[in-house]
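The values are calculated or read from the model by the stated rules, or taken from the named source; none is laboratory data. Only a predicted model underlies this, so the values are computations on that prediction, with no experimental measurement involved. Positions of Cβ are backbone-derived with ideal geometry, glycine not excepted, and every protein chain shown enters the neighbour counts. Side chains included, ligands, DNA and RNA excluded: accessible areas come from the protein's heavy atoms. Shrake-Rupley method; radii C 1.70, N 1.55, O 1.52, S 1.80 Å.
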Amino acid sequence: MNNNLERLIKQNIPFTSPQMKAQVGFLYLAYCYTSTQQAYFKQYGITLQQYNILRILRGQYPKPANISMLRDRMLDKMSDVSRLVDRLQKMDYVTKEPNEVDKRNADVLITELAMHLLSKIDEKGVETATIFNKISEEEVHTFNQIVDKLLGLL
């Protein structure tokens, strides 16, 4: 059996259980994956969280989204969505207007410039910048089944 995790975290003592190894391995893999993705999106001048917002807005287009809807759909629930939207607005990737019904909220709409950016990213292929293209289709399918099962337990 491979001990890649133990080697990477320089652990000499065996894990107390396979479940503990799975937890630490999952956290380590998530951190590595996030770091890789952050570095990938840096070349486009955006963060992983900003990319997530732009993808949500593209899916909503031509309808606007509001801040609370974006917050609910974000992958990173700890993100400060208002701040992220403000930065995207400064980059001309979104427009933000007061909501006609709820003045405390804002309608956010993706711009053509952001659509063009997402097209460029799609063209290059975000998935080619991941570890998942280094394992077989069957392994990816198995991984997805396990993720779905674990998410169903939340």
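Within the stretch 115-132, is there a residue that is at pLDDT 85 or above, not charged (D, E, K, R) and not in a helix (DSSP H, G or I)? Steps first, answer last, please.
We begin by selecting, within the stretch 115-132, every residue at pLDDT 85 or above; these are 115-122.
Keeping just the survivors that are not charged (D, E, K, R) gives 115-119, 121.
Adding the requirement that they be not in a helix (DSSP H, G or I) leaves none.
No, that holds for no residue.
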Legend entry - Failed criterion for I56 (all others in (1) within 17 Å of the chain's Cα centre (by Cα); (2) assigned to a loop (DSSP other than H, G, I, E, B); (3) at pLDDT 95 or above hold): (2)
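Inspect the stretch 3-12 for any residue being over 14 Å from the mean Cα position of the chain (by Cα), more than 26 Å from F132 (Cα to Cα), of a type in the set (D, E, K, R) and surrounded by 13 or more Cβ atoms within 10 Å (Cβ to Cβ) and give the result as yes or no.
Filtering the stretch 3-12 for residues over 14 Å from the mean Cα position of the chain (by Cα) gives 3-12.
Pick out the ones that are also more than 26 Å from F132 (Cα to Cα) and you get 12.
Still in the running and of a type in the set (D, E, K, R): none.
There is no residue in the stretch 3-12 that is over 14 Å from the mean Cα position of the chain (by Cα), more than 26 Å from F132 (Cα to Cα), of a type in the set (D, E, K, R) and surrounded by 13 or more Cβ atoms within 10 Å (Cβ to Cβ).
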Inset, instruction - Go through (1) at pLDDT 90 or above; (2) open to solvent by less than 50 Å² (accessible area, probe 1.4 Å) one by one and return the number of the condition K42 breaks. - result: (2)
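Give the residues of the stretch 34-49 that are in contact with a helix residue (DSSP H, G or I) (Cβ under 8 Å, 6 or more places away or on another chain) and part of a helix (DSSP H, G or I), sorted by residue number.
Residues of the stretch 34-49 in contact with a helix residue (DSSP H, G or I) (Cβ under 8 Å, 6 or more places away or on another chain): 34, 36-38, 40-41, 44, 46-49.
Answer for the stretch 34-49, where residues must be in contact with a helix residue (DSSP H, G or I) (Cβ under 8 Å, 6 or more places away or on another chain) and part of a helix (DSSP H, G or I): T34, T36, Q37, Q38, Y40, F41, L48, Q49.
Can you name the residue in the stretch 59-100 that is outside any helix (DSSP H, G or I), open to solvent by less than 50 Å² (accessible area, probe 1.4 Å) and aliphatic (A, V, I, L, M) and, of all such residues, is nearest to L151 (Cα to Cα)? Lay out the reasoning, then the answer.
Step one: filter the stretch 59-100 for residues outside any helix (DSSP H, G or I), giving 61-66, 74-80, 91-100.
If we keep only those that are open to solvent by less than 50 Å² (accessible area, probe 1.4 Å) too, we end up with 65-66, 74, 79, 93-94, 99.
Of the ones still in play, those that are also aliphatic (A, V, I, L, M) are 65, 74, 94.
Working: A65: 26, M74: 16, V94: 31 Å.
Among those residues, the one meeting the criterion is M74.
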Legend entry - Residue that is surrounded by the fewest Cβ atoms within 10 Å (Cβ to Cβ), among those in the stretch 101-114 that are assigned to a helix (DSSP H, G or I) and out of contact with any helix residue (DSSP H, G or I) (no Cβ under 9 Å at 6 or more places or on another chain): E112
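Restricted to the stretch 14-33, and to residues that are of a type outside the set (F, W, Y), in a helix (DSSP H, G or I) and open to solvent by 50 Å² or more (accessible area, probe 1.4 Å), which residue is nearest to M78 (Cα to Cα)?
Our first condition is that a residue be of a type outside the set (F, W, Y); within the stretch 14-33, this holds for 14, 16-25, 27, 29-30, 32.
Next, from what is left, pick out any that are in a helix (DSSP H, G or I): 18-25, 27, 29-30, 32.
Still in the list and also open to solvent by 50 Å² or more (accessible area, probe 1.4 Å): 18-20, 22-23, 27, 29.
Numbers: P18: 29, Q19: 26, M20: 25, A22: 24, Q23: 20, L27: 16, L29: 19 Å.
Among those residues, the one meeting the criterion is L27.
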